[in-house]
Amino acid sequence: MIPEESAVQKGYNITSLGRFAIAFIILCQIVCLVTIPWLIYSAVEQQNEITTLKVIIKELTLKVHDRQENGHLVKRRQTTATDNSLDTPHVSIIQGPPGPAGPPGRDGRDGLPGQPGENGTPGIPGTPGMNGNYVHDDSNEDDDVGNGNDDDGSSNIPHDNVNGTAGSVYVRWGRKDCPDSAELVYKGFIGGGHYTHSGSGANYQCLPETPVYDAPVSGDQSSVGRGLMYGAEYQIRDFPQWSSVHDHTPVCAVCRVRTRGSVLMVPARNDCPSDEWTREYYGYLMTERYEHRNSEFICVDRNPQTLPGTSTDLNGALLYHVEGRCGSMPCGPYQDFYELTCAVCTI
């Protein structure tokens, strides 16, 4: 028979068990006090790392998107620690340096038309136009030398509008028409005194095609005293450019310029003194032969015309080209045996 435990032994056993339980509980509390804060700290650190990774991914996504959108860098709102979508009070983002400029964008659309501006100040009145009977025949403009049937772009038709005091008048020797800038007053042929006569006029005349007489005396009156007028002839056998008009009677035209009041014949040059002048025509200086009686120098157009049916060598007033002689004139600029040119200019 097993003897029963005494009451003292039973009380000792209970007390030991309680002490063990208390110690175990205290140990558990200590473990919890140490482990729980560490777990909480680890969780917070892990959450911070996840949040930081999200911010970095979002920044990279925005930069990639900005570079792909129309080739531009589009300004974006910078993500800060106060962003409502990312609650990261302990995270700060450092902005990097600006990137390189993107390529130029496409041109924008045209704007709407503006309102019409105010009227400007009136301009200077233009020169009057040609009269209604002006005719320009350019059918034979390519002819250089001929018998009067060619045209160089000028008018053959006289103009009615020749009244008034403004402008100037000149003779276009060697042509029966005027430049487009001038009005034809009348046309005719060149006449003058006989080359062997010491009297009569020394200057050449532009004789109209049809004369008007007033109470003429019939018969030859030269023996009792008259000046004599002869038709002129080109004496240019040795000038190849004009050989086809040798011994022909040269024509002429009287021209009027409405807007320029001065006329100048420039010898030895085929241009005008400056751009302020207008060149009406140009050609060669001509006069009587040096052995004949004195006459004037005239500027004959470079593209001469002649009176039809006048090729017979009848002489009369003669026209020769003019050569320069250096010595009395400066040599160098002026060359011996060179035909002198000329130009008729207005201003």
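Since every read-out is calculated from the coordinates, none of them should be taken as a lab result. This is a predicted model, so every value here is computed, not measured. Cβ sites come from the backbone with ideal geometry, for glycine too, and all protein chains shown count toward neighbours.
Within region 256-320, the chymotrypsin sites (Phe, Trp or Tyr not before Pro) that combine a DSSP coil assignment with at most 11 other C-beta atoms in a 10 angstrom radius are Tyr290. Taking packing as the residue-averaged number of other Cβ atoms within 10 angstrom, the listed peptides 175-186, 262-273, 208-219, 228-239 run from highest to lowest as 175-186, 228-239, 262-273, 208-219. For region 195-211 versus region 264-317, the spacing of their alpha-carbon centroids is 15 Å. Length gained on full extension, Glu209 to Phe297, computed as 0.36 nm times the residue gap minus the Cα-Cα distance: 29.4 nm.
Restricting region 273-342 to GluC sites (Glu not before Pro) that sit in a DSSP loop and have at most 12 other Cβ atoms within 10 Å of their own Cβ leaves Glu276, Glu291, Glu296.
Per-peptide packing, taken as the mean over residues of other Cβ atoms within 10 Å, places 189-197, 32-40 in the sequence 189-197, 32-40 from highest down.
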